[in-house]
Every structure is written in structure tokens, then in C-alpha cells.
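Everything on this sheet refers to the single structure shown next.
The values are calculated or read from the model by the stated rules, or taken from the named source; none is laboratory data. The structure presented is a predicted model; accordingly, all values stated were derived computationally and were not measured. Cβ atoms come from the backbone with ideal geometry, glycine included; neighbour counts cover every protein chain shown. Surface accessibility is based on the protein's heavy atoms, side chains included, excluding ligands, DNA and RNA. Shrake-Rupley method; radii C 1.70, N 1.55, O 1.52, S 1.80 Å.
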Amino acid sequence: MCMKQILFLRHAKTEMNEKGRFCGIIDTNVTEEGIRQAEEMRKTFKEYHFDAIYCSPLKRTKQTLEAIFPKRKFIEEDGFTEISLGDWEGLKKEDVNQKLRKAFQQGNYTPPHGEKHEVVEARVKEAIERIFATYPDGSVILVCTSNGIMRTIKKMYTIQTKNIMSKNLEYFIVKKPEQQM
């Protein structure tokens, strides 16, 4: 069976990650260490032929991809933009109620003025379905996005019960079997 595949990659380490702060849709830069680590990912991705490479409009995803694939063009997809964390954006992670933080990570709480999980799930699902509909069977697509979106995708498309958080430059694959005639 020839399957379509989307490989989801979390961006490299950012300035906000380094400071232990929530980022959300704040447009932060990748650190020099993050760039070096992303450049090392070239070896990992050498074995893949990507039919297309997507990213969110946030510069941390573009900077990550530019370090890995300096000569490739990327397609920006709003559906993969990180979750808006509302009042939590920019706060130190240790400064928020940790029970609420855990509930948020599990999809059971929305920070004040933040984006609701149902809205995020709908836009992510729509973007993924659009990609699967665009490319023929056997295609391999790369999407660079952020941790909140990675969590959402894992919940929707994989059998994850643990390890729902993604480290910087972690990746996983979602496959769609070819359509039956």
C-alpha cells in the first residue's frame, strides 16, 4: 500500500524556550544553539525526499527550516500557527498555576483570552486534510510547527497516551492510506 505521509517537526530552540517562558504566537527567534542543532538535522533528513515543505507563519519555524534546508522554498500554512495562549504569553512557565498548566496541556483548560482547543483542532484538521488532498499517494510532506500544534496532532492522529509533549526538533509521522477504488 502506497501511503501519503506528513512528517511533523517541532521548531528548534527559541529565545523564549531558553528563558522558560510561554511563547504562543509571540514571534520569537531561534537561538544560535537552535540553529546549530537544526543544521545537524540535515543528516537525519538526507534520507527523505520531501514533495513539499510547510511551516507556520511564525519566524521560528522558518528559521528552523532555513537552517536545515537552506536552498528550499517553504509554504506558509496558517493552520499550523501555534496556539494563542492569551494572558499566558510571555509569562514564565513556573509562574502560572501548575494544575491549570497540566489541564491546558491535556486540552482541558484554556488560558484567559487564549485560543480554545476546539478551534485549534478544527484549523489543524482542515490544514492536514487539505495537504492530504493536494498530493498524490506516495507523497512525503514535511511540516515545521510548534509544541502546542504537535500535541494537538498527536491527540488527533496517533495513539499517544504519554509523551504528548514534543522537544525541540522532535518529529513524528502521520500516514494516510491510499484511497480505495
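Just a few scattered comments:
- Nearest-20 debye value, segment 21-85 charge dipole, Cβ charges on Lys, Arg, Asp, Glu: 220
- Once the Cβ-Cβ distance of residue 133 and residue 76 is raised to the sixth power relative to R0 = 22 Å, the FRET efficiency obtained is 0.75.
- Around the amide H of residue 54, modelled in the peptide plane, lie the amide H atoms of 75, 142, 143, 144, all under 5 Å away and 5 or more residues distant in sequence or on another chain.
- Separation between Cα centres of segment 37-91 and segment 103-124, rounded to whole Å: 21
- Degrees between helix 117-134 axis and first principal axis of the chain (Cα, 0 to 90, nearest 10): 20
- Relative frequency of Cα-Cα separations exceeding 25 Å in the chain, percent: 32
- The chain: angle of helix 32-45 to the longest principal axis, Cα-based, in degrees nearest 10: 30
- Amide H within-cut-off set for residue 83, under 5 Å, with H built and near neighbours excluded: 148, 149
- A 1.4 Å probe over all protein chains sorts 44, 152 by accessible area into 44, 152, starting with the largest.
- By accessible area, using a 1.4 Å probe on protein heavy atoms only, the chain has 49% of its surface on carbon and sulfur.
- Each Lys and Arg Cβ is given +1 and each Asp and Glu Cβ -1; about its Cα centre, the chain then shows a dipole of about 460 debye.
- GluC sites (Glu not before Pro) lying in DSSP loop within segment 19-64, provided at most 15 other Cβ fall within 10 Å: 47
- Taken one residue at a time, the phi angles of segment 10-21 give Karplus couplings (6.51, -1.76, 1.60, θ = phi - 60°) of 7, 4, 6, 4, 10, 4, 5, 4, 4, 8, x, 10 Hz. Gly and Pro are set to x.
- Computed helical MRE - 222 nm, the chain, DSSP H runs ≥ 4 contributing -39500 (n - 2.57), nearest 500: -11000 deg cm²/dmol
- For segment 1-47, chymotrypsin sites (Phe, Trp or Tyr not before Pro) are listed when DSSP marks them as loop and at most 12 other Cβ atoms sit within 10 Å of their Cβ; the list is empty.
- Sites residue 95 and residue 155, calculated FRET efficiency, Cβ-Cβ separation with R0 30 Å, nearest 0.05: 0.70
- Rounded to 10°, Cα long-axis angle of helix 147-157 versus longest principal axis of the chain: 50
- Residue 126-residue 87 pseudo-label distance in nm [points 7 Å out on the Cα-to-Cβ vector]: 2.8
- Around the amide H of residue 166, modelled in the peptide plane, lies no amide H under 5 Å away from a residue 5 or more places distant or on another chain.
- Here the Karplus relation 6.51 cos²θ - 1.76 cosθ + 1.60, evaluated at θ = phi - 60°, turns the backbone of segment 70-85 into coupling constants of x, 10, 9, 9, 10, 9, 7, 10, 4, x, 9, 5, 3, 5, 6, 9 Hz, with x for every Gly and Pro.
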